[in-house]
Amino acid sequence: MIKEVEFDNLPGRFREIFSGCLGRPEQSDEVLKMYQAPERRLFVMRQGGSIVVVAGLKLHELEEPELLHLAVRKDKRRSGFGSALVETMINFFMVDTLAVWTDEDAVGFYEKIGFDIVNEIQTQNGLVRYKLRFSRAKSRGRLET
């Protein structure tokens, strides 16, 4: 079951799982504060009452929707939960495109579920970041949309 959660009322284990998608897990409280903005929303997916996936989404009427964070509990990775949450958000919010910035470790995951690389930058730290975009029109059949 997927549910939107409020910044001021995060369920147990949310912060722990969320920190798993950050390059610097110790900054999770600081990053989470960004979700106080009305266009930023947090979601959880549960299995048997336990959180298995957390996600952050930016939905602004004048900007492209963007998946800001996605983290799957370590013992539930590679089980389809991450792709199920992304698919549900795309369908629920009826978005035609969805962007995400990620590192090399997650590019394959996003490509597998229908995202395409549209940009690549090198950060000041020397890390490569990729912008990927899901397009409903281009990706018919990859996700059950």
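Report, by chain and number, residues whose modeled amide H sits under 5 Å from the one on V52, excluding near sequence neighbours (fewer than 5 apart, same chain).
Under 5 Å from the amide H of V52 lie the amide H atoms of M45, R46, Q47, each far enough along the sequence or on another chain.
Between D75 and F93, how many nm apart are label points set 7 Å from Cα along the C-beta direction?
3.0
With point charges of +1 on the Cβ of Lys and Arg and -1 on the Cβ of Asp and Glu, referenced to the Cα centre of the chain, which listed residue (V100, V72, S28) lies farthest in the positive direction of the dipole?
Value: V72.
Mind checking the stretch 64-131 for trypsin sites (Lys or Arg not before Pro) that DSSP puts in a loop (not H, G, I, E or B) and that have at most 10 other Cβ atoms within 10 Å? Walk me through the numbers before you get to the answer.
Values: sites: R73, K74, K76, R77, R78, K112, R129, K131; in loops: R73, R77, R78.
Sparse-neighbourhood loop trypsin sites (Lys or Arg not before Pro): R78.
As an exercise, use a Förster radius of 22 Å and the Cβ-Cβ distance of Q124 and Q27 to find the FRET efficiency, rounded to the nearest 0.05. Each step should come with its number before you reach the end.
On the way: r = 17 Å, r/R0 = 0.76.
About 0.85, to the nearest 0.05.
Dividing the alpha-carbon radius of gyration of the stretch 63-133 by 2.2 N^0.38 Å (N being the number of residues), what value is obtained? Intermediate results must be reported in sequence, preceding the final value.
Values: Rg = 12.6 Å, N = 71, 2.2 N^0.38 = 11.1 Å.
The stretch 63-133 yields a ratio of 1.14.
Can you work out ³J(HN,Hα) from phi for every residue in the stretch 34-41, in order, using Karplus 6.51 cos²θ - 1.76 cosθ + 1.60 and θ = phi - 60°, giving whole Hz and x for Gly and Pro?
4, 7, 7, 5, x, 7, 10, 10
Charges only on Cβ, +1 for Lys and Arg, -1 for Asp and Glu: so what's the dipole of the stretch 88-142 about the Cα centre, in debye to the nearest 20? Working shown, then result.
Details: 8 positive and 7 negative charges, 65 e Å.
Computed about the Cα centre, the dipole is about 320 debye.
Size of the dipole of the stretch 1-81 about the Cα centre, Lys and Arg at +1 and Asp and Glu at -1 on the beta carbon, nothing else charged, in debye to 20?
Numbers: 14 positive and 13 negative charges, 122 e Å.
My answer is approximately 580 debye.
So I have [x] 57; [y] 34; [z] 42, and one of them is percent of Cα pairs over 21 Å apart calculated from this model. Which one is it?
Read-out taken from this structure: [z].
Counting pairs of alpha carbon atoms under 8 Å apart in space and at least six apart in sequence, what relative contact order in percent does the chain give? Don't jump to the answer; show the numbers that get you there.
Numbers: 231 pairs, mean separation 25.0, N = 145.
Answer for the chain is 17 percent.
R133: net charge of surrounding residues, Cβ under 12 Å, Lys/Arg +1, Asp/Glu -1, itself excluded?
Summing Lys and Arg as +1 and Asp and Glu as -1 gives -2.
Under 5 Å between amide hydrogens, which residues at least 5 positions from L70 or on another chain qualify, with H placed 1.01 Å from N in the peptide plane?
For L70, the qualifying residues are G56.
With each label point set 7 Å from Cα along the Cα-Cβ vector, what nm distance links V5 and H60?
About 2.5 nm separates the two model spin labels.
Where nothing but the Cβ of Lys and Arg (+1) and of Asp and Glu (-1) is charged, how large is the charge dipole of the stretch 14-145 around its Cα centre, in debye to the nearest 20?
Details: 20 positive and 19 negative charges, 85 e Å.
I would put it at about 420 debye.
Out of the GluC sites (Glu not before Pro) in the stretch 55-145, which ones are loop residues according to DSSP with at most 15 other C-beta atoms within 10 Å? Present the calculation step by step, with values, prior to reporting the outcome.
Working: sites: E61, E63, E66, E87, E104, E111, E120, E144; in loops: E61, E63, E144.
Sites meeting the loop and neighbour criteria: E61, E63, E144.
Over the chain, with a Gaussian network built from C-alpha contacts below 10 Å, which listed residue (G80, G56, G48) shows the highest mean-square fluctuation?
G48
For V5, which sequence-distant residues (separation of 5 or more, or a different chain) have an amide H within less than 5 Å of its own amide H, given hydrogens modelled in the peptide plane?
For V5, the qualifying residues are L42, F43, V44.
If we count every other residue with Cβ under 9 angstrom of W101's Cβ, Lys/Arg +1 and Asp/Glu -1, where does the sum land? Kindly include the intermediate steps, with their values, before the conclusion.
Numbers: positive: R129, K131; negative: E66, D103.
In short, 0.
Once Lys and Arg get +1 and Asp and Glu get -1 on their Cβ, which of G126, P11, L42 lies farthest toward the positive end of the dipole of the chain?
Positive-most Cα among the choices belongs to P11.
Quick note: the coordinates plus some simple rules give every number you see, no bench work behind them. The shown structure was predicted, so the numbers you read here are calculated from the model rather than taken from an experiment. Glycine gets a Cβ as well: all are built from the backbone with ideal geometry, and neighbour counts include every protein chain shown.
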